[in-house]
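In what follows, a structure is listed as structure tokens, so that the remarks can point back to it.
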Amino acid sequence: MKFELYQVTISRAQRQVTGFVLAPDPQRAEEIVTANELALNEENQGFTLERVDETLPPDQRKGLDALLESAPVGLASYCEPIGWIAHAIPAPKLRLYRIEEMVGGTHFVIAPTFDLAVAVYCDCMELEEGGDSVFNVQDGTIGLKNEGLRGLPALLEFGPIGLVQWHDDVGWSMK
């Protein structure tokens with residue numbers, strides 16, 4: 001069965017959040033958004049859905065056909081180096097992971113699970129399978145001070161999944 005991709009915009013008390021939903025029709029997409037809101041125990045002032053799979057620009061279509069044909073219904077996000085990635089529903093809460101390379105730097109990834117965080121890191125950093133790379137993966141929120149949370153709740157709500165970075169002036173943003 002080929003699914004459709006919808007962009008959902010949810011109005012919260014202080015902000016709007018945007019995410020993507022994979023579903024066979026708009027009614028099922030609404031059910032998925034409602035189930036996700038209940039699972040996350042979030043309140044909203046309503047949401048809108050817009051079908052976008054037919055109108056995405058060519059540079060945002062990587063992996064879209066596979067997503068529409070074989071992914072389970074639920075949430076999805078776009079990670080530029082990888083393409084479209086399906087989330088599970090009810091969505092596990094997205095988490096911030098810290099990946100510390102033994103020789104190199106520290107990177108942060110937003111993903112629903114440890115294994116997906118590692119996969120995103122390896123794809124985004126273009127690590128080759130079987131290549132030498134030693135790194136440690138931890139909960140990225142450990143050791144963050146209050147100012148280190150700026151922008152994080154919005155990214156952890158719907159994503160997208162992918163590498164993120166900290167900017168002193170704006171907080172967390174996608175890399």
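The values are calculated or read from the model by the stated rules, or taken from the named source; none is laboratory data. Quick caveat, the model's predicted, so the values are computed rather than measured. For neighbour counting, all protein chains shown are included, and Cβ atoms are generated from backbone atoms with ideal geometry for every residue, glycine included.
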I'd like to check something: does the range 119-142 contain any residue that is buried (at least 20 other Cβ atoms within 10 Å of the Cβ) and not in a loop (DSSP other than H, G, I, E, B)?
yes
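For the range 37-54, what are the residues that are closer than 14 Å to GLN7 by Cβ and of a type outside the set (Ser, Thr, Tyr)? Talk me through it step by step, then tell me what you get.
Restricting attention to the range 37-54, the residues satisfying the condition of being closer than 14 Å to GLN7 by Cβ are 47-54.
If the condition is that a residue be closer than 14 Å to GLN7 by Cβ and of a type outside the set (Ser, Thr, Tyr), then PHE47, LEU49, GLU50, ARG51, VAL52, ASP53, GLU54 are the ones that fit.
May I ask you to say which residue of LEU96, LEU22, LEU67, LEU75 is within 27 Å of LYS175 (Cα to Cα) and part of a helix (DSSP H, G or I)?
Working: LEU96 fails: part of a helix (DSSP H, G or I); LEU22 fails: part of a helix (DSSP H, G or I); LEU75 fails: part of a helix (DSSP H, G or I).
Checking each option against the conditions leaves just LEU67.
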Is there any pair linking a residue in the range 132-151 that is within 15 Å of CYS122 (Cα to Cα) to one that is in a helix (DSSP H, G or I), with Cβ under 7 Å and at least six apart or on different chains, and which?
VAL137/PHE114; VAL137/ALA117; VAL137/VAL118
Residues of the range 1-18 that turn out to be part of a loop (DSSP other than H, G, I, E, B) and under 19 Å from PRO153 (Cα atoms), as a count
4
Restricting to the range 78-93, and then to whatever is outside any strand (DSSP E or B) and in contact with a Leu (Cβ under 6 Å, 6 or more places away or on another chain), can you tell me which residue is surrounded by the most Cβ atoms within 10 Å (Cβ to Cβ)?
HIS87
Go through (1) over 15 Å from the mean Cα position of the chain (by Cα); (2) outside any loop (DSSP other than H, G, I, E, B); (3) at pLDDT 85 or above; (4) outside the structural domain of LEU144 (by TED's automatic domain parsing) one by one and return the number of the condition ALA39 breaks.
(3)
Only one of these is of a type in the set (A, V, I, L, M) and modelled with pLDDT of 95 or more: VAL52, VAL33, VAL17. Name it.
VAL52
Test result for VAL21, farther than 19 Å from LEU155 by Cα and not assigned by TED's automatic domain parsing to the domain that holds PRO112:
no
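If a residue has to be of a type outside the set (Ser, Thr, Tyr) and under 18 Å from the mean Cα position of the chain (by Cα) to count, how many in the range 16-36 make the cut? Reasoning before the result, please.
First, the residues of the range 16-36 that are of a type outside the set (Ser, Thr, Tyr): 16-17, 19-33, 35-36.
Cutting the leftovers down to under 18 Å from the mean Cα position of the chain (by Cα) gives us 16-17, 19-23, 29, 32-33, 35-36.
Here the count works out to 12.
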Hey, can you tell me all the residues within the range 1-27 that are of a type in the set (Lys, Arg) and more than 21 Å from LEU56 (Cα to Cα)?
ARG12, ARG15
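From the list ILE99, ILE85, ILE142, pick out the single residue that is of a type in the set (Val, Ile, Thr), more than 12 Å from the chain's Cα centre (by Cα), within 26 Å of ARG15 (Cβ to Cβ) and modelled with pLDDT of 85 or more. Before the answer, list the steps.
Values: ILE99 fails: within 26 Å of ARG15 (Cβ to Cβ); ILE85 fails: more than 12 Å from the chain's Cα centre (by Cα).
Exactly one residue qualifies, and that residue is ILE142.
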Which numbered condition trips up LEU56, out of (1) touching a Leu at 6+ places or on another chain (Cβ under 9 Å); (2) in a helix (DSSP H, G or I)?
(2)
